[in-house]
Amino acid sequence: MKKTFVSFFSLLLILNLVIPTAAASESYPDFDTAVIDTFIEEEMRTSRIPGLALGIVKNGEIAYLKSYGHAGNGRTLTPQTPFLIGSLSKSFTAVTTMQLVEEGLLNLDTPVREYLPWFEMAGEYDVSTMTVRHLLVQTSGIPWNAGLTTLAEDSSLTLEEEIRALKDIALAHPPGKEYIYSNTNYNILGLIVEKVSEQGYMAHVENDIFKPLEMQDSYLSKNDGIDGGMSEGHLKWFSFPVATDVQYLDNSLAAGFIISSAEDLSRYLLMHLGEGSYKQSMLLSETGAAELHTPGEVTDGESEYAMGLVVREVDGASLVMHDGATQGFNSGMIFSPEDQWGVVVLTNFAGQLELPAMGVALGIADIMQGNSPETDSRTRKMVYLGLLMLLITLIAFTIRSIILLPKKWAVKIKENRPRGFFPVFGRIVLPAGLELLVPYLIFIFIPAGAGFSIWNLFALFHPDLVYSLLLLAALMLTKALWRIYLLLRIRSN
């Protein structure tokens, strides 16, 4: 029960008019760009997205590039504007890993300990059977929350220190048994690449991915991204997007903190659609590229997760995709190897209840195939607004009841003191117990069940909801203590 309750909250994670600006296109496509523009503008109004960058590729070329809205601080947004791309970074790490496999420096089915001899994890399951492939397809058995602790605690440990700290974390399943999405899998891969590659992780990505793909607006550090004109990230405060100094974790670069632009990622898509090649550069063999797009095998159930990518059947067609979210940014990438098209959408806004990028990307895919786009943006917006209004209403009623407690409840108790179990329980014990239940759940039960600072994590994406919830819990605790104090005063008189 406790695990289910906490998992519900974790799923929220694993839970204004905008005018299109600066447009560019490299060729005239055979799909209706006006319909796409109208769709995006409507989605941006619905979700109040400050800025969005779009790239569409088709039949081996960049078919459409366009930007909408702004990059923050009065700056124009362009298809070359860098964004944090979140978990799209995982596919870059997978490409890098496969490159090392093809160079003979790595083996997919070799145990992790061959590359990190000191690697250890707690629990009953044998970590020595965990392989590089298990990490790539997220079947290592590493629990989901292991990858969230670093984000929640804004960890300043080095990558190796983070991985060494896993010795205190127990595997949830034997390696290869079940699919469990965890950032930690890709952080370990990042460290393996760092150790095995003669260049190290960052230089390898720069030299063997960015350069051959002509990705001139892509970066591997926040400072470089800012110097390159990176967009500001935005969070919603009571429904309005506000620019924020976003979190950036150097120790999680391989899992979620690469910076890139819509134009650069369009070239990256062309490499995937080109079976590992782009123009005259071959980044991977056809076999290696195909393996990246192949879901991993598990002994329990089925998995759609390939290597840094998700493979999903949609209306009978096989689509490859992934999305990403960091504080203030959301990304979505989807492509069809069979039909040779791809879409990338980058937004400078993210909230776990409202992650617009993948919905927009899927809607554009619908338009490209002659269908009407369908998204759940309005539903997500209503869920967010509903929770916000509920919390504000509960806070207002709780403050009012705290003020009225000595004037009404205490007076009635004093005038007509309850006697017997049921009157005492109904008028005194039950109200105080219910008021104490909320702060217990919020301050103790849920954080303990998650195993990390869960409210810190949610506050990265929904500070207004989290701080309102914490305020409500504090007010409920205050009310319960106030009720107990008034009761003691009455009994002493």
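What follows is calculated from the coordinates using simple rules that are stated; it is not laboratory data. All figures in this text were calculated on a predicted structure; none of them were measured in a lab. Heads up, the Cβs are rebuilt from the backbone with ideal geometry, glycines too, and the neighbour counts pull from every protein chain shown.
Stretching R491 away from E120 to a fully extended chain increases their span by 127.7 nm, per 0.36 nm per residue minus the current alpha-carbon distance. Take the Cβ atoms of R164 and E102, set R0 to 41 Å, and the FRET efficiency comes out at 0.90. Backbone phi angles across the stretch 133-139, fed through the Karplus curve with coefficients 6.51, -1.76 and 1.60 (θ = phi - 60°), yield HN-Hα couplings of 4, 4, 5, 4, 9, 6, 10 Hz in residue order; Gly and Pro are listed as x. What FRET efficiency do you get for E153 and V35 if R0 is 60 Å and r is their Cβ-Cβ distance, rounded to the nearest 0.05? About 0.85, to the nearest 0.05. The helix-based estimate of mean residue ellipticity at 222 nm for the chain, built from -39,500 (n - 2.57) per DSSP H run of four or more residues and divided by its residue count, is -12500 deg cm²/dmol to the nearest 500. When both the stretch 365-407 and the stretch 284-341 are represented by their alpha-carbon centers, they are found 32 Å apart. Here the average projected area of the convex hull drawn through the C-alpha atoms of the stretch 88-178 stands at 6.1 nm². Potential lengthening of the chain between E61 and S221 amounts to 54.7 nm, from the contour at 0.36 nm per residue minus the alpha-carbon distance. Here the stretch 99-119 and the stretch 130-159 have alpha carbon centers that stand 17 Å from each other.
The per residue volume of the convex hull around the alpha-carbon atoms of the chain is 172 Å³. Amide H contacts for Q247 (H built 1.01 Å from N in the peptide plane; partners 5 or more residues away or on another chain; cut-off under 5 Å): Q327. Counted by neighbouring Cβ atoms within 10 Å, the residues M368, M321 run from fewest to most as M321, M368. Each residue in L477, L220 was given a count of other beta-carbon atoms within 10 angstrom of its own, and listing them fewest first yields L477, L220.
Using R0 = 30 Å, the C-beta based FRET efficiency linking I399 and F240 works out to 0.80. Taking other C-beta atoms within 10 angstrom as a stand-in for reagent exposure, K211, K222, K66 fall in the order K211, K222, K66, fewest first. Phi angles of the stretch 119-131 translate, via the Karplus equation with coefficients 6.51, -1.76, 1.60 and θ = phi - 60°, into HN-Hα couplings of 4, 8, 9, 7, x, 7, 8, 7, 6, 5, 8, 6, 10 Hz per residue; Gly and Pro are given as x. The order of the peptides 122-135, 249-262 by mean Cβ neighbours within 10 Å, most packed first, is 249-262, 122-135. Beyond 25 Å, what share of the Cα-Cα pairs of the stretch 380-492 remains, rounded to the nearest whole percent? Result for the distance tail: 34 percent. Over the stretch 55-164, Cα pairs under 8 Å with separation of 6+ residues give a relative contact order of 14 percent. The amide H of S261, built 1.01 Å from its N in the peptide plane, has F83 as neighbours under 5 Å, considering only residues 5 or more places off or on other chains.
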